[in-house]
Amino acid sequence: MNNYATLDEEPVDELFDPEDDTSAEQPLYEHFRFVADKKQSLIRIDKFLIDRLTNISRNRIQMAAEANYILVNDKPVKSNYRIKPMDVVSIVMARPRIEFEIIPEDIPLNIIYEDDDLLVVNKPAGMVVHPGHGNYTGTLVNALAWYLKDDPSFDPSDSRVGLIHRIDKDTSGLLVIAKKPEAKTHLSMQFFNKTTLRQYYALVWGVLKEESGTIEGNIGRDIHDRLMMTVFPDGEHGKSAVTHYRVLKRLGYVSLLECRLETGRTHQIRAHVKYIGHPVFNDARYGGDKILKGQNFAKYKQFVQNCFEICPRQALHAKTLGFIHPSNGKSLFFDSELPDDMHKLTAKWENYVND
């Protein structure tokens with residue numbers, strides 16, 4: 001398994017089953033692996049893992065530790081172990097991880113670059129990146145399995161190839177996919193070491209005071225809603241996260257931002273801009289689907305409702321992507337146009353301001 005995990009880990013229903021055999025003769029299988037950041041604060045391992053696993057209680061994690069299912073640097077630890085920078089945390093079980101078949105599906109892909117090692121795609125909003133938990137078909141991975149079905153070096157079920165990073169279902173934009181294990185290792189290292197260039201365009205509620213700035217604050221799962229991410233400014237919970245932003249346009253009661261990711265946490269931009277009081281426009285999960293700024297007039301409310309209908313998802317697009325080619329060492333940079341829904345949405349606000 002790749003030591004430099006850059007993908008969100010799949011949700012897990014159970015970490016520990018009392019009927020599992022943990023005797024010395026029983027082989028153990030790694031199900032999850034996490035690498036602590038260089039600036040990781042010294043927190044208990046159960047707190048560390050609760051921020052990284054969905055659908056799991058802290059009690060379950062503690063039970064897993066008692067059963068020697070949680071390893072740090074290949075050695076079992078108890079739940080009061082304190083994580084140190086660069087610790088490698090593994091969750092093992094006595095049974096192999098349950099895998100499901102990835103079915104190739106003839107789904108159109110917008111491929112903007114391809115060679116023998118990798119390809120870059122422009123994902124539309126509404127497409128799930130990876131199968132799992134209610135979305136086993138119709139995903140980007142299913143589409144890749146079809147597109148690369150005649151490539152002998154690409155196996156969609158092999159974790160050593162494929163996706164390097166993800167973007168949310170209702171976020172559009174650029175993704176890089178590795179076609180060979182060596183390419184994935186090299187690209188994953190770049191994401192882990194934060195040497196890639198990723199810029200997003202986001203339409204957010206409100207007008208920011210500064211022309212540019214940086215948002216910092218650990219991001220982890222909300223203790224009340226495990227599907228949401230929350231910023232923990234004290235740094236005790238979550239993973240360190242840094243987002244740099246620049247105001248591109250001020251459009252009355254909304255602003256178009258360019259956001260550059262220094263880290264790549266789940267929902268990072270969405271959580272960070274909400275944290276500073278400027279949720280992404282029409283982001284239902286983070287409260288951006290309500291009229292947060294503006295007037296009480298019925299005409300204005302209808303205008304905003306029309307905007308929601310034009311772009312019926314969070315107004316967030318992964319616009320640029322840059323990295324070093326894993327084979328020839330050349331710098332690659334890709335740029336994409338705003339998708340039609342965000343282009344129309346921005347134009348509608350521009351017309352509103354001009355009028």
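The values are calculated or read from the model by the stated rules, or taken from the named source; none is laboratory data. As the structure is a computational prediction, the values presented were derived from the model and not from experiment. Note that each Cβ is placed from the backbone with ideal geometry, even for glycine, and that neighbours are counted across all protein chains shown. Areas reflect the complete protein model, heavy atoms only, side chains present, ligands, DNA and RNA absent. Shrake-Rupley method; radii C 1.70, N 1.55, O 1.52, S 1.80 Å.
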Tally of residues being polar (S, T, N, Q), open to solvent by less than 40 Å² (accessible area, probe 1.4 Å) and assigned to a loop (DSSP other than H, G, I, E, B) across segment 133-168: 1
In segment 282-297, is there at least one residue being surrounded by 15 or more Cβ atoms within 10 Å (Cβ to Cβ) and either acidic (Asp, Glu) or closer than 20 Å to residue 198 by Cα (or both)? yes
Given segment 182-234, what strands (runs of 3 or more DSSP E) lie entirely inside it while holding 1 or more residues that are exposed (fewer than 14 other Cβ atoms within 10 Å of the Cβ) and touching a residue at least 12 places away in the same chain (Cβ under 8 Å)? 212-216
Please specify each residue of segment 169-181 satisfying the condition of being under 17 Å from the mean Cα position of the chain (by Cα) and part of a loop (DSSP other than H, G, I, E, B). 169, 170, 171
Looking at segment 270-281, which of its residues are open to solvent by 10 Å² or more (accessible area, probe 1.4 Å) and on the phi < 0 side of the Ramachandran plot? 270, 274, 275, 276, 278, 279
Name the residues in segment 235-269 that are among the acidic types (Asp, Glu) and either open to solvent by 60 Å² or more (accessible area, probe 1.4 Å) or at pLDDT below 95 (or both), would you? 236, 262
Identify the residue in segment 317-349 that is in a helix (DSSP H, G or I) and touching a residue at least 60 places away in the same chain (Cβ under 8 Å) and, among all such residues, is most open to solvent (accessible area, probe 1.4 Å). 341
Tell me, yes or no, whether segment 11-30 has at least one residue that is within 29 Å of residue 167 (Cα to Cα), surrounded by fewer than 14 Cβ atoms within 10 Å (Cβ to Cβ) and at pLDDT 50 or above. yes
